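K.L.:
My questions will all concern the structure given below.
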Amino acid sequence: MSKLKVNELDTESGTTITVTAGKTIAGTDIIDTAQIAADAITATELADNAVSNSQVTAAAAIAVSKLETGNRGDTLFWNAATQAVRLAAGTSGQFLQTQGSGADPVWGSVTEYDDSGLQDDIALLGFRVASNGSLAKYNLVDQTVDDFQDGSGVSAPSSTAESRSASGNYYYGAVSTWETGDRSSTITVTSDANTFYDPASAQAGTAGTNQQLVNGSTTGNNTTASMKQWPNQGVTNRDIRFDLGSAKVVTDAIWYQSTTNGNGTWKWQADSQSSYASAVDVGSSFTLQASGGSAPYTQTWTTELGSNVTAYRYWRLRGVTGNFTAATDQWIHEVEFKVDVEGADMVLVSTTTAAQAAPTKGDIVFTYTNGAGTTTLGTDVTAEISADGGSTWTAMTLGSEGSTGSHNIATAHDVTITSTITSPWNMAYRIKTLNQAVGKTTRIHAVSLGWS
């Protein structure tokens, strides 16, 4: 092989030195950057992996699109080999979750916070606040709380067989029945000294034999061992008191006497305390005057007592104005009461509260006790919610959340309202007690209704 040594190659004519196809020029320092035209080298002239990281300067400004082909929502990250790789888009609602420097990031999903326990706590707190402050029904934002300090939170026209215990502050189902016969062992009758007198005491103004009023005799209490009213005695602030032995809802009473004479104006009052320090009027005032075709003459108080739904232990006839008859022959025979007896199925409907916006979900928390037997949720007690003032209802599946003190807790959370939702979105609850009898009674103590 021969060698040709020259200091410089130049063209004989023109500006191009042609190397025949298939032939190469070998050697070092043959071509430098000065001999390469701008943009003359493209991807086809570069071998795979010919350009590494060390050949790319920080000022190269390589577009991210050159690193990896991706789609909208994808994310680039660097893996364990320090290579940029693509994490495909996750699903709607997911978030990018780092796993620290030792692992690749992943898409994570948010677990919805279960605030049912918090809702129960708020409701129970509301119950306690209401109880401690002796408050009636009150409203929170998107929630009502009622622990039945009074009956203002219950719709009497919409409810049935509901009776409220004033001493226990709870509602129960009751059926009205007349208590007759000798009740002197269960009812204690007293009066002030000048209301009645015992004829045997020579009209001395001392209290008569008060228990005669509940001994079961409606005609026979007309002897010297019985009772008369004090003739022509003023009745203002006089009273005849009945301790029923336990709190009872009185819905009527019958007064038996031997004449039809008038005896002044009176009213019924009741209290949970024997002192009558917090006595409330039950019904309006009336003239104490029996009527009828023959003795014993009677007077009833269906109008005055018929709307009562609250149980009290202590009841009294309280004189308002006027006088007893001047007649000296008027005997007082008997007083009987019609009372609600616990053990009837009840429908308890709340008054309505307007929501601030159209609701789609409902929650309820209520406490209850067993007056007798054991209550089964969903069988012996049910709950519903209404968003149209009680025209239509959505059933709520109840679950037990244990107890607070001596009260059981029933709840239903995040219930989709499927009944009509009509502006102004008057919210209400309906609780039913079922299968009630003497051996099974359910008492509702407090209710919290919420919506969103």
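K.L.:
Contact list please: Cβ distance under 9 Å, first residue in the range 142-159 and in a strand (DSSP E or B), second residue surrounded by fewer than 16 Cβ atoms within 10 Å (Cβ to Cβ) and at pLDDT 90 or above, pairs at least six apart or on different chains.
P.N.:
Partner pairs satisfying both residue conditions: ASP146/SER152.
K.L.:
Restricted to the range 409-419, and to residues that are β-branched (Val, Ile, Thr) and assigned to a loop (DSSP other than H, G, I, E, B), which residue is surrounded by the most Cβ atoms within 10 Å (Cβ to Cβ)?
P.N.:
Result: ILE417.
K.L.:
Taking GLU304, is it buried (at least 22 other Cβ atoms within 10 Å of the Cβ), over 18 Å from THR180 (Cβ atoms), among the charged types (D, E, K, R) and under 49 Å from the mean Cα position of the chain (by Cα)?
P.N.:
Judged against the criteria, GLU304 is not a match.
K.L.:
Residues GLY389, GLY402: which one is part of a loop (DSSP other than H, G, I, E, B), farther than 20 Å from VAL175 by Cα and in contact with a strand residue (DSSP E or B) (Cβ under 8 Å, 6 or more places away or on another chain)?
P.N.:
Selected residue: GLY389, the only one of GLY389, GLY402 that is part of a loop (DSSP other than H, G, I, E, B), farther than 20 Å from VAL175 by Cα and in contact with a strand residue (DSSP E or B) (Cβ under 8 Å, 6 or more places away or on another chain).
K.L.:
While we're here: Go through the range 426-449 and report how many residues are hydrophobic (A, V, I, L, M, F, W, C) and surrounded by fewer than 19 Cβ atoms within 10 Å (Cβ to Cβ).
P.N.:
3
Residues checked against (1) free of Cβ contacts under 8 Å to residues at least 40 places away in the same chain; (2) touching a Phe, Trp or Tyr at 6+ places or on another chain (Cβ under 9 Å); (3) basic (Lys, Arg); (4) closer than 21 Å to TRP178 by Cβ:
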position: ASN237; (1), (2), (3), (4): no, no, no, no
position: ASP243; (1), (2), (3), (4): no, yes, no, yes
position: SER246; (1), (2), (3), (4): no, no, no, yes
position: VAL249; (1), (2), (3), (4): no, yes, no, yes
position: ALA253; (1), (2), (3), (4): no, yes, no, yes
position: ASN261; (1), (2), (3), (4): no, yes, no, no
position: ASP271; (1), (2), (3), (4): no, yes, no, no
position: TYR276; (1), (2), (3), (4): no, yes, no, no
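K.L.:
Does THR422 satisfy being closer than 22 Å to THR352 by Cβ, in contact (Cβ under 8 Å) with a residue 12 or more places away in the chain and surrounded by fewer than 17 Cβ atoms within 10 Å (Cβ to Cβ)?
P.N.:
It is true that THR422 is closer than 22 Å to THR352 by Cβ, in contact (Cβ under 8 Å) with a residue 12 or more places away in the chain and surrounded by fewer than 17 Cβ atoms within 10 Å (Cβ to Cβ).
K.L.:
Does the range 254-267 include one or more residues that are touching a helix residue (DSSP H, G or I) at 6+ places or on another chain (Cβ under 7 Å) and crowded, with 21+ Cβ neighbours inside 10 Å?
P.N.:
no
K.L.:
Let me ask something else about it. Looking only at the range 55-86, count every residue that is surrounded by 12 or more Cβ atoms within 10 Å (Cβ to Cβ) and modelled with pLDDT under 75 and tell me the total.
P.N.:
Matching residues across the range 55-86 total 2.
K.L.:
Can VAL189 be described as at pLDDT 90 or above, in a strand (DSSP E or B) and touching a helix residue (DSSP H, G or I) at 6+ places or on another chain (Cβ under 8 Å)?
P.N.:
yes
The values are calculated or read from the model by the stated rules, or taken from the named source; none is laboratory data. What you see is a predicted model, and the numbers here were worked out from it, not measured in a lab. With ideal geometry, Cβ positions are generated from the backbone for all residues, glycine too; neighbour counts draw on all protein chains shown.
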